[in-house]
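Student: Shown below is the structure under consideration.
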Amino acid sequence: MSETRPKEPLHPTVKATGWVSFFTDMGSELIYAVLPFLIIDSIKASRAFLGLIEGLAEATPAFLRLVAGTLSDRARNRVWLIFSGYLASTAVKPFIALAFSQWHVLLLRFLDRIGKGIRSAPRDALVADLAPGPQRGRAFGFQRAMDHMGAVLGGVSAFVLLNWLGLSIAWAIAASAIPGIASVLVIALFVRDVPGRAARISAPRPPLEGLRALPRVYYAYLAAAALFALANSSDVFLLLRARDMGIAVQIVPLLWALLHVVKTAASYVCGGLSDRVGRKPVLVSGWILYGLVYIAFGFMQSAGAAWALFALYGVFFGATEGVAKAFVADLVPAEKRGTAFGLLGMAEGLLVLPASLLCGALWDATSTAKLSLVLGGAFALAAALVLLALVRAPRGNRP
């Protein structure tokens, strides 16, 4: 009877990036849980403008993801890119508390997401390089689980600040500076690049050379992911939908925390599952679940249904976020991963704009969320079919 080999521990830097994401998302989701109500109720913007804010917040800095990814493939030390991206977001987010017009919120959300555009691809490439192929799903699952644990604490913190301490939404947003500073300190003290990387970097290459060198199967996946991105409008619309289904505004942060509790557990479980059964089956299942959940959001009306659907929505995230990154890392050679993550992030970010604008405009035009949410679900199911039919999974995990 053979003994079960213990799992190899994750690299210390992979663990450190998890803690960076923990603190960053704690601050971000403290804001996100209350942001739509600040914009709609306090500033009196339309849902269409809310879609513009969240769409532009993702789309405009999406270009930086490709630039940052390409730079990370050529940089002798990627940590400075990661540090500068997190520092930029930490410096900007608390100022949303001072916004008194919809245009101020739009500008600050844009600046915040520039930081995300700078840091995401280099960080993901670093995690992929430090995790061996058979461990990569678990590594990305851990990183996303820590991100979602921070989001849980951010949602609970928003609830406590608003309901127990009686603070205004503005003061709750200002408190996001505290975990933001913690995330930057963790990078400075504990995040290090791959040992000996500087000696392996070749002479500078033309910027677009990395795009031409990416394999065809990666571009097939990119097409499927782009179609899915058209379904993936901003989650602020689901928070507004939850209120319409009977969830009080003061309770919404707890609903948001529940979502991230499920994300936390599902991310680590599904990441490890993808190491055993393959990335593609887990990813296809997640996209199908997304489509069904969005369609259900369009038709169901009760507060109980809102709680159940947000929990299922968390399973979708667990089955897709870390798994998709591990899948891309499997498809692409190590020296091209920063470019691959950057191009994917750019495409997904740019398509959030039309997806969010369409969702908000349809909701305003019809005075109901049904059409916009059902349409999003249909796009997701179509993307799952494309992924299933056209993208061939690699036979083995790349080192």
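Student: Compute the normalised compactness of the range 208-365: alpha-carbon radius of gyration over 2.2 N^0.38 Å, N being the residue count.
Tutor: 1.13
Student: Let me know the charge dipole size of the range 157-294 about its Cα centre in debye, to the nearest 20, where only the beta-carbon of Lys, Arg (+1) and Asp, Glu (-1) is charged.
Tutor: Dipole size: approximately 540 debye.
Student: With N set to the residue count of the range 114-160, report its C-alpha Rg divided by 2.2 N^0.38 Å to two decimal places.
Tutor: Against the empirical 2.2 N^0.38 Å value, I get 1.42 for the range 114-160.
Student: For the range 287-292, what does the Karplus curve 6.51 cos²θ - 1.76 cosθ + 1.60, with θ = phi - 60°, yield as ³J(HN,Hα) per residue in whole Hz, taken in order and with x for Gly and Pro?
Tutor: 3J(HN,Hα) across the range 287-292, in whole Hz: 5, 5, 4, 4, x, 5.
Student: Which one of Val191, Ala229, Phe310 has its Cα pushed farthest toward the positive end of the charge dipole of the chain, where Lys and Arg give +1 and Asp and Glu give -1 at the Cβ?
Tutor: Val191
Student: Okay, next question. How large is ³J(HN,Hα), in whole Hz, for each residue of the range 366-379 in order, when computed from phi with the Karplus curve 6.51 cos²θ - 1.76 cosθ + 1.60 and θ = phi - 60°, using x for Gly and Pro?
Tutor: Per-residue couplings from phi come out as 9, 6, 8, 8, 4, 5, 5, 6, 5, 4, x, x, 5, 4 Hz.
Student: Still on this structure, please answer the following. Chymotrypsin sites (Phe, Trp or Tyr not before Pro) within the range 218-312: which are DSSP loop residues with at most 12 other Cβ atoms inside 10 Å?
Tutor: Sparse-neighbourhood loop chymotrypsin sites (Phe, Trp or Tyr not before Pro): none present.
Student: Applying the Karplus parametrisation 6.51 cos²θ - 1.76 cosθ + 1.60 with θ = phi - 60° to the phi angles of the range 125-138, what ³J(HN,Hα) value in whole Hz is obtained for each residue in order, glycine and proline being reported as x?
Tutor: 5, 5, 4, 4, 6, 8, 10, x, x, x, 10, 5, x, 5
Student: Next up: For a quick check: sort Arg241, Arg74, Arg119 by the number of other beta carbons within 10 angstrom, fewest at the front.
Tutor: Fewest-to-most ranking of Arg241, Arg74, Arg119: Arg74, Arg241, Arg119.
Student: Given charges of +1 on the Cβ of Lys and Arg and -1 on the Cβ of Asp and Glu, with all other atoms neutral, how large is the dipole of the chain about its Cα centre, in debye to the nearest 20?
Tutor: I would put it at about 1100 debye.
Student: Let me ask you something else. Any idea what the relative contact order of the chain is, in percent, if you count C-alpha pairs under 8 Å spaced at least 6 apart?
Tutor: Across the chain, relative contact order equals 30 percent.
Student: Let me ask something else. If you place +1 on the Cβ of every Lys and Arg and -1 on the Cβ of every Asp and Glu, how big does the dipole about the Cα centre of the range 1-145 come out, in debye to the nearest 20?
Tutor: 240 debye
Student: Moving on. Report relative contact order for the range 1-145 in percent, whole number only (criteria: Cα-Cα under 8 Å, sequence separation at least 6).
Tutor: 35 percent
Student: For the chain, what does the helix formula give at 222 nm: sum of -39500 (n - 2.57) over DSSP H segments with n ≥ 4, over the residue count, nearest 500 deg cm²/dmol?
Tutor: After summing the helix terms and dividing by the residues of the chain, the value is -24500 deg cm²/dmol.
Here, each number is a calculation from the coordinates, and none is a lab measurement. Treat the numbers as computed from the prediction; the structure is a model and nothing was measured. Neighbour counts run over all protein chains shown; Cβ positions are idealised from the backbone, glycine included.
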